[in-house]
Amino acid sequence: MGQEYSHMNLWALSSILRCESDLPLQIYKIYEEKYVNQFLAPFEINEDDFVEILDSLQLYYADKDICEDIFHLLDVRSRAISNIRDVCLSLTPLVAKSIPHMYSMCFEILDRKKDMMVGKDQVVLMLKLLSATCANVGDKPLAPEVIDDYVNSLYTSAGLIDGNIYYPDYIETLSIHPIIQLFLSPQFQGILTSKLMTDEQIDQLHKLDFEGT
């Protein structure tokens, strides 16, 4: 994302990636066109097929490695199978040009019916995965209760408690919300040099369980 987030590990990692900024959408669209497997649960993809998609996009080795790392982090049962939707959502903060661009890609991935509507549970899922990506690279994540406050305030602004919203109307609201601005701030995240991780911390992150997301 932008230089204004240069205090974050997320920015440091994204700055070395050479892939196109819409990579998550490219991966997801190829999956929808060619790799939906009737023998797997919805959104599931095996590792061989995922690697085949990455190879078809002719990614640089470092970019491909990061995509595969996220795949493995989300393979919580060690079956060489991950949820392609969750993998693509988790990739968006690493490649997006801006916060609005990140949310726009996420919603497009979530929008299975292509009707530009998204449900509350989908927004919560999206934010949990985006927060987990930050945690996986050593930045501070959003606490679950803060995510709930963030989503509830979005629905309040829409005059709703639950249900679906027309997401193009709320991308800017999400992007400039005080919670996300504080989350991305140096005051909350700290400076980059203070967040170098020990081997033990890295090992703990690799053991995170995403089954609840």
Query raised in the report: Of (1) open to solvent by 50 Å² or more (accessible area, probe 1.4 Å); (2) modelled with pLDDT of 95 or more, P186 satisfies all except one. Which?
Result: (2)
Report task. Scan (1) surrounded by 12 or more Cβ atoms within 10 Å (Cβ to Cβ); (2) under 16 Å from M1 (Cβ atoms); (3) not charged (D, E, K, R) for the single condition I176 breaks and write down its number. Result -> (1)
Report task. Look at L130 and say whether it is touching a strand residue (DSSP E or B) at 6+ places or on another chain (Cβ under 8 Å) and either open to solvent by less than 40 Å² (accessible area, probe 1.4 Å) or charged (D, E, K, R) (or both). Result -> no
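Regarding S90, is this residue in contact with a helix residue (DSSP H, G or I) (Cβ under 9 Å, 6 or more places away or on another chain), in a helix (DSSP H, G or I) and crowded, with 21+ Cβ neighbours inside 10 Å? Full working, then the answer.
Details: in contact with a helix residue (DSSP H, G or I) (Cβ under 9 Å, 6 or more places away or on another chain): yes; in a helix (DSSP H, G or I): yes; crowded, with 21+ Cβ neighbours inside 10 Å: yes.
In short, yes.
Does the stretch 111-120 contain at least one residue that is part of a helix (DSSP H, G or I), open to solvent by 10 Å² or more (accessible area, probe 1.4 Å) and out of contact with any strand residue (DSSP E or B) (no Cβ under 7 Å at 6 or more places or on another chain)? Lay out the reasoning, then the answer.
Residues of the stretch 111-120 part of a helix (DSSP H, G or I): 120.
This time we only want the ones that are open to solvent by 10 Å² or more (accessible area, probe 1.4 Å), so: 120.
Within this subset, residues satisfying the condition of being out of contact with any strand residue (DSSP E or B) (no Cβ under 7 Å at 6 or more places or on another chain) are 120.
Within the stretch 111-120 (the criterion being part of a helix (DSSP H, G or I), open to solvent by 10 Å² or more (accessible area, probe 1.4 Å) and out of contact with any strand residue (DSSP E or B) (no Cβ under 7 Å at 6 or more places or on another chain)), the answer is yes, since at least one residue qualifies.
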Requested in this report: Say whether the condition of being at pLDDT 95 or above, over 16 Å from the mean Cα position of the chain (by Cα) and not in a helix (DSSP H, G or I) is met by at least one residue in the stretch 125-148.
Outcome: no
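The values are calculated or read from the model by the stated rules, or taken from the named source; none is laboratory data. On a predicted model such as this, the values are computed, not experimentally measured, just so you know. Methodologically, a virtual Cβ is constructed for each residue, glycine included, from the backbone with ideal geometry; neighbour enumeration extends over all protein chains shown. Just so you know, the surface numbers come from the protein's heavy atoms only, side chains and all, with ligands and any DNA or RNA stripped out. Shrake-Rupley method; radii C 1.70, N 1.55, O 1.52, S 1.80 Å.
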